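Participant: This is the structure, below, for whatever I ask next.
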Amino acid sequence: MNDQDNILFTLTLSIQLISLAFLFIKDQRKALFVSNAVLLVGLMLGLISTSASTLFSFSDMSTESFFYNLIRIDGLGSYFLFIIQLIAIPTTIYNVSYLQHYIDENRSVKSFLTFYFTLLISMQLIVIANHSILFLVSWEIMSISAYLAMILEKEKEEVQKGSFYYFAASHVLIFVLYIMFFLLHQQTGSWFFSDYHLSFSGSAVIPIIFIFSIVGFGIKAGFIPFHFWLPQAHPVAPTVLSAFLSGVIIKAGIYGILRIYLFIKPVPEWTGWFILIISIISAIFGVWYALVQHDIKRLLAYHSIENIGIIGLGIGIGFIGSANNLPAVEVLGFGGALLHTLNHSIFKSLLFIGSGVVYQNLETRNIELMGGLVHRAKYIAVLFLIGSAAISGIPPFNGFISEFIIYSGFFKTANVLQSYYPILMLMFVVGLAFVGGLAVACFTKVNSIMFLGSERKEIKHFHTSVYDYISLGIFALLCIVIGFYPQPFIGIINKVIVNDFVPGHSSTALINIDWIYFTFIFSIIALGIIGLYMVKLRLEKRYGRRISAAWGCGYENVNPRMQYTASSFANELNEIPRSVLVYHKKVKVSDNAYPLKSKFESHSHDFVDTKIVLPSFQLLSAFVTKIKFLSQTDIRYYIGYILIIITIYSLIAILWS
């Protein structure tokens, strides 16, 4: 970045900080509109002037800033900065509509806006930080801001529980990151990222640093088995925050893993297999857990775990390419991971916001109580369907493009390395294809139950604001554009990889894919569909529109209770791994001649949560309660405890030095 870019970047952050000042406006509606409008100006200026301009420029992106080297925007940082600002713009637009609901109920939203704005700013600082302390402080601000924004409806028990999961997981992972950065400082004698140039062969501490990075950043990203907090926290958060949590914040974990890789590359091959194994497990069981859910936001939260697994598959391929000095494999692996990071941010934000619009109108997240929404909100149904197709990896949408690159990485690895690699790569290919199949089944269930059929719950009025349509429309348009014309985004990712991941190598594995054929084929299909639709409209205009009742499969007077439910739709698939999904059904049927009212329920509990996390927490809680001397009412005891801990930390620091 040159001096002009530095000034523009400072200006964008300043404008975003200034937006906080407008929250002092007494009228909540005015404060909501003005503060978000100012924030949008800062985000759009930042998107155009810093992240996008750096990515599209052809100069060396690895440049240091004026803040005493505290900030350094290289290719990786600029790319994640681009994602944050791009996703934040339509999410903030939806913010204006979403919070009106709370204002109508005479609830204060200023605290939520304060924490939401702080969250956005701290996220941007994380990806451009060049100093370990700045990184950790920004990370803490991000975590605490997200927690405080999450408890907007703190009077609800589920919010208290879900936010506690998030709070506890955040503090466990930051403790792990502290240790990791202390080890990096011990190895290099520096706190600056630009000074971290390590090698696995240089010290026995480096594998420990790598494991700490996977654990710490893996908790934030949501890899299984570190995912237990995610399906608890995302559903209870306000929808704006849910979209940003899933679309952007968990990607901080992906950023952290890739950043650590840049410190210690090349990596040994076992790291690639390690990432591949936890990623395929995350992808398969993430989507399988999603399939069994009835809560739409919890379902989407588990799909975040699935897609984090898909991103991890790309990273694993890149690690194997790094270990074997295969730039083409590295480019395909890291390229697929980076593009899927962007794509997931887009379509998952679209789906969360779409579910938020439905939730605000129906006041329920239970898809078993939904139905017939296509008759009330056909445009919302179409936009949600685009996001569903994209997350399922169906062409011609953006999810297909990034998954295609990851598939190409598997085939390239098998072709180049030979030996036992083809059979192993084939296993992962089959696993990824299986994940795609389950995703299609899951979102077929979701769209069928939510939007089709007749209403299970009376809907007097379905309100959708212009802000909702703008936000959802931007995300849907991005899904379509990247799917039909991925070339500019492929170019950006290739530039990031060549500058940061494989410098000195000019592998063109990513840009050599004939993307123009995808554009041509998808365009022909789209034009064909549009043509058939125009013919249909012309025939209806000439001969009139034929309207008849839907076929009732031989039944008359069909009522909503006779429709498929989400449970029955996915029952056969959920029965297969029922022990891992902790899936069970309760059926109450009367045997009398005059039967009583029957009842059916199906439930699933997270295996890691119920079998590992909760039992461990109960043991720890029981142990702590037995330590009587810690339970004191006199504040002087707690001051003494703090002084003791500070003394212990100081002694550790002296011995470390």
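Participant: Lys/Arg Cβ at +1, Asp/Glu Cβ at -1, dipole of the chain taken about the Cα centre: which of H461, N130, L241 is farthest positive-ward?
Facilitator: It is H461, whose Cα lies furthest towards the positive end.
Participant: For the pairs K378/K445; K110/K348; K110/K460; K154/K348, note any where the Cα-Cα span goes beyond 20 Å.
Facilitator: Numbers: K378/K445 17 Å; K110/K348 26 Å; K110/K460 31 Å; K154/K348 25 Å.
From the list (K378/K445; K110/K348; K110/K460; K154/K348), the Cα-Cα distance tops 20 Å for K110/K348; K110/K460; K154/K348.
Participant: Something else now. In whole angstrom, and with the biggest value first, how far do the Cα coordinates of the chain range along each principal axis?
Facilitator: Cα spread of the chain along its principal axes, largest to smallest: 82, 68, 59 Å.
Participant: Further question on the same structure: Quote the convex hull volume per residue of the stretch 194-304, based on C-alpha atoms, as a whole number of Å³. Show your work: numbers first, answer last.
Facilitator: On the way: hull volume 10.3 nm³, N = 111.
Per residue, the Cα convex hull of the stretch 194-304 comes to 93 Å³.
Participant: Averaged per residue, what accessible area in Å² does the chain show with a 1.4 Å probe, protein chains only?
Facilitator: 45 Å²
Participant: On to the next question. Exactly which chymotrypsin sites (Phe, Trp or Tyr not before Pro) in the stretch 375-429 are in a DSSP loop and have at most 15 other Cβ atoms within 10 Å? Don't jump to the answer; show the numbers that get you there.
Facilitator: On the way: sites: Y379, F384, F397, F400, F404, Y407, F410, F411, Y420, F428; in loops: F397, Y420.
Here the chymotrypsin sites (Phe, Trp or Tyr not before Pro) that fit, given the DSSP loop and packing criteria, are Y420.
Participant: For the chain, give the percent of accessible area contributed by carbon and sulfur heavy atoms, probe 1.4 Å, rounded to a whole number.
Facilitator: On the way: 19620 of 29290 Å².
It is 67 percent, rounded to a whole number.
Participant: At most 14 other C-beta atoms within 10 Å and a DSSP loop state: those are the exposed GluC sites (Glu not before Pro) I care about. Give me the longest piece of the chain that has none. Could the numbers behind the result be given before it?
Facilitator: On the way: sites that count: E105, E155, E363, E458, E556.
Between exposed loop sites, the widest span is 156-362.
Participant: Same structure, new question: Could you state, as a whole-number percent, how many of the C-alpha pairs of the stretch 111-269 are farther apart than 28 Å? Write out the running numbers ahead of the final one.
Facilitator: Working: 2815 of 12561 pairs.
Roughly 22 percent, once rounded to a whole number.
Participant: OK, next. Rank G528, V481, I280 by how far each Cα sits towards the positive end of the charge dipole of the chain (+1 on Lys, Arg Cβ; -1 on Asp, Glu Cβ) and give me just the farthest.
Facilitator: With unit charges placed on the Cβ atoms, the residue in question is G528.
Participant: Take the alpha carbon gyration tensor of the stretch 246-317, find the square roots of its eigenvalues, order them as a ≥ b ≥ c, and report rounded if a/c is under 1.5; if not, report prolate when a/b exceeds b/c, else oblate.
Facilitator: Values: a/c = 4.69, a/b = 1.85, b/c = 2.53.
Oblate.
Participant: OK, next. What is the dipole size for the chain, taken about its Cα centre, with +1 at each Lys and Arg Cβ and -1 at each Asp and Glu Cβ, in debye to the nearest 20?
Facilitator: Numbers: 42 positive and 35 negative charges, 343 e Å.
Rounded to the nearest 20 debye, it is 1640 debye.
Participant: May I pose another question? Using modelled amide H (1.01 Å from N, peptide plane; none on Pro or chain starts), what sits under 5 Å from the amide H of I73, excluding residues fewer than 5 places away?
Facilitator: T63, S65
Participant: If you count, for each residue, the other Cβ atoms within 10 Å and average over each peptide, how do 474-486, 188-200 line up from highest to lowest? Could you put the intermediate results ahead of the total?
Facilitator: Values: 474-486: 21.3, 188-200: 15.2.
Listed from highest to lowest mean packing, they are 474-486, 188-200.
The values are calculated or read from the model by the stated rules, or taken from the named source; none is laboratory data. Nothing here was measured: the structure is a model prediction, and the numbers come from that model. Glycine gets a Cβ as well: all are built from the backbone with ideal geometry, and neighbour counts include every protein chain shown. The accessibility values were calculated without ligands, DNA or RNA, using every heavy atom of the protein model including side chains. Shrake-Rupley method; radii C 1.70, N 1.55, O 1.52, S 1.80 Å.
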